[in-house]
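Engineer: If you scroll down you'll find the structure; I have some questions about it.
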Amino acid sequence: MLRLWAERLRSRLPAAGLSRGAVRAWTAAARARLLPEQVRITLSPDEITLARFAHGRHAHELARTRINGPGNGDWRPLIVTLAETLREPVWHQACVHIVLSNHFVRYVRVPWVDDLGGEEERLAYARHCFTQLYGERVGRWTVRLSEDRYGMAQLASAVDPELLDALMTTVRGASLRLVSLQPAFMAAFNHCRDSLTADPYWFVHIEPGRACLAHVVGGTWAGVRGMRLGAEWTTDLRIILAREQLMQEGPVVDSKIYVYAPAYTPTLVSGEWLSAHGLRLPAINAAAPVAADTAMAEAVS
């Protein structure tokens, strides 16, 4: 459509008294309004990553920086560092997409209840599920629900509202327009969704120091859990999955395992869990890459 407007404008150049340079300037300004540049931010305890991309669906990268974080669960120093970084003009005047580490998010499976009348009642029920699992403090956090099919269980995420307010204030201070804010697990799951073809399966998202895993059966959420990991995450993962499988309701079934660990490997990896043979998880083997660029920032493009 933008090209059509430019062609129409060129056809009227003599009558309007406009030079071709003026048309190019007008076209560039219109493109900037319609296709604003993007800044993608990932926020985790260990680091903050910022990347700026030019206009277009397959836009090239204009700038990137990584800043080390304190490595603990306190998000406040990260916000201070982010605000200082965003003072640099290279990050100003753009749309911003933020991916928030699972260290700062809690998840819960919300069963479908027919008697709940609408979105507000489902959110209230999700807060109740968080309270039952994590206590009153998390129950008062800001809650969002996944968009799943009618009658299916949903996945809910909860984030400290003070963190959200601090992020909003910080990006506004840099003349940025917040377009999306995604929990890292959901960004990773959506990024890998087309590769998750087995049924049932486990999807495991690994970050340094933390794992978030979900069990999907028949296309619906059967369970979700987040937990800490040590440096030897592959060893920890075998123990965690064996325990989680034993805790599942109903009969034990064979499940494919998909692991997305962009900090450690450039591919989506998978393993076959043979539950009939003593709940063994054999060595995880590399599968096909899910994308050419596996940075978590690409999950929100």
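The values are calculated or read from the model by the stated rules, or taken from the named source; none is laboratory data. Source: prediction; values computed, not measured. So basically every Cβ, Gly included, is an ideal-geometry build from the backbone, and we count neighbours across all protein chains shown.
Engineer: Taking the residues in the stretch 83-93 that are touching a strand residue (DSSP E or B) at 6+ places or on another chain (Cβ under 8 Å), in contact (Cβ under 8 Å) with a residue 60 or more places away in the chain and hydrophobic (A, V, I, L, M, F, W, C) as candidates, determine which candidate is farthest from F104 (Cα to Cα).
Structural biologist: W91
Engineer: With the structure loaded, tell me whether M152 is in contact with a strand residue (DSSP E or B) (Cβ under 9 Å, 6 or more places away or on another chain), surrounded by fewer than 19 Cβ atoms within 10 Å (Cβ to Cβ) and not assigned by TED's automatic domain parsing to the domain that holds S44 or whether it fails that test.
Structural biologist: It is true that M152 is in contact with a strand residue (DSSP E or B) (Cβ under 9 Å, 6 or more places away or on another chain), surrounded by fewer than 19 Cβ atoms within 10 Å (Cβ to Cβ) and not assigned by TED's automatic domain parsing to the domain that holds S44.
Engineer: Sticking with this structure for a sec: Specify the residue that is surrounded by the fewest Cβ atoms within 10 Å (Cβ to Cβ); the eligible residues are those in the stretch 135-149 that are of a type outside the set (A, V, I, L, M) and closer than 24 Å to N190 by Cβ.
Structural biologist: Within the stretch 135-149, the match that is surrounded by the fewest Cβ atoms within 10 Å (Cβ to Cβ) is E147.
Engineer: Would you be able to tell me the number of residues in the stretch 140-180 that are in contact (Cβ under 8 Å) with a residue 40 or more places away in the chain and either closer than 14 Å to N102 by Cβ or touching a Lys or Arg at 6+ places or on another chain (Cβ under 9 Å) (or both)?
Structural biologist: Total meeting the criteria: 14.
Matching residues to (1) closer than 24 Å to R177 by Cα; (2) in contact with a Phe, Trp or Tyr (Cβ under 7 Å, 6 or more places away or on another chain); (3) part of a strand (DSSP E or B); (4) modelled with pLDDT of 95 or more:
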{"site": "A32", "(1), (2), (3), (4)": "yes, no, no, no"}
{"site": "L50", "(1), (2), (3), (4)": "yes, yes, yes, yes"}
{"site": "R57", "(1), (2), (3), (4)": "yes, no, no, no"}
{"site": "I79", "(1), (2), (3), (4)": "yes, no, no, yes"}
{"site": "I98", "(1), (2), (3), (4)": "yes, no, yes, yes"}
{"site": "V108", "(1), (2), (3), (4)": "no, yes, yes, yes"}
{"site": "W112", "(1), (2), (3), (4)": "no, no, no, no"}
{"site": "Y125", "(1), (2), (3), (4)": "no, no, no, no"}
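Engineer: Okay, next question. Do the conditions hold for T131, that is, is it among the polar types (S, T, N, Q) and over 26 Å from V217 (Cβ atoms)?
Structural biologist: Judged against the criteria, T131 is not a match.
Engineer: In the set A188, A174, which member is assigned by TED's automatic domain parsing to the domain that holds G69, closer than 25 Å to L50 by Cβ and either surrounded by 16 or more Cβ atoms within 10 Å (Cβ to Cβ) or of a type in the set (D, E, K, R) (or both)?
Structural biologist: A174
Engineer: For the stretch 50-82, what are the residues that are closer than 15 Å to L167 by Cβ and either in contact with a Leu (Cβ under 7 Å, 6 or more places away or on another chain) or touching a residue at least 40 places away in the same chain (Cβ under 8 Å) (or both)?
Structural biologist: Within the stretch 50-82, L50, G69, W75, R76, L78, I79, L82 qualify.
Engineer: Which of the residues spanning the stretch 88-104 are out of contact with any Lys or Arg (no Cβ under 7 Å at 6 or more places or on another chain) and within 17 Å of T49 (Cβ to Cβ)?
Structural biologist: Of everything in the stretch 88-104, those that are out of contact with any Lys or Arg (no Cβ under 7 Å at 6 or more places or on another chain) and within 17 Å of T49 (Cβ to Cβ) turn out to be E88, I98, V99, L100, S101, F104.
Engineer: Taking the conditions exactly as written (surrounded by fewer than 17 Cβ atoms within 10 Å (Cβ to Cβ), modelled with pLDDT of 95 or more and either outside any helix (DSSP H, G or I) or not basic (K, R) (or both)), does D165 satisfy them or not?
Structural biologist: yes
Engineer: Among the numbered criteria (1) outside the structural domain of E61 (by TED's automatic domain parsing); (2) crowded, with 16+ Cβ neighbours inside 10 Å, which single criterion is violated by I98?
Structural biologist: Single failed check for I98: (1).
Engineer: State all residues of the stretch 170-190 that are within 25 Å of F130 (Cβ to Cβ) and part of a helix (DSSP H, G or I); if no residue qualifies, say none.
Structural biologist: Once the filter is applied, which keeps residues that are within 25 Å of F130 (Cβ to Cβ) and part of a helix (DSSP H, G or I), the stretch 170-190 yields A184, F185, M186, A187, A188, F189, N190.
Engineer: Being part of a strand (DSSP E or B) and basic (K, R), is that true of even one residue in the stretch 66-74?
Structural biologist: Yes; the residues of the stretch 66-74 include at least one that is part of a strand (DSSP E or B) and basic (K, R).
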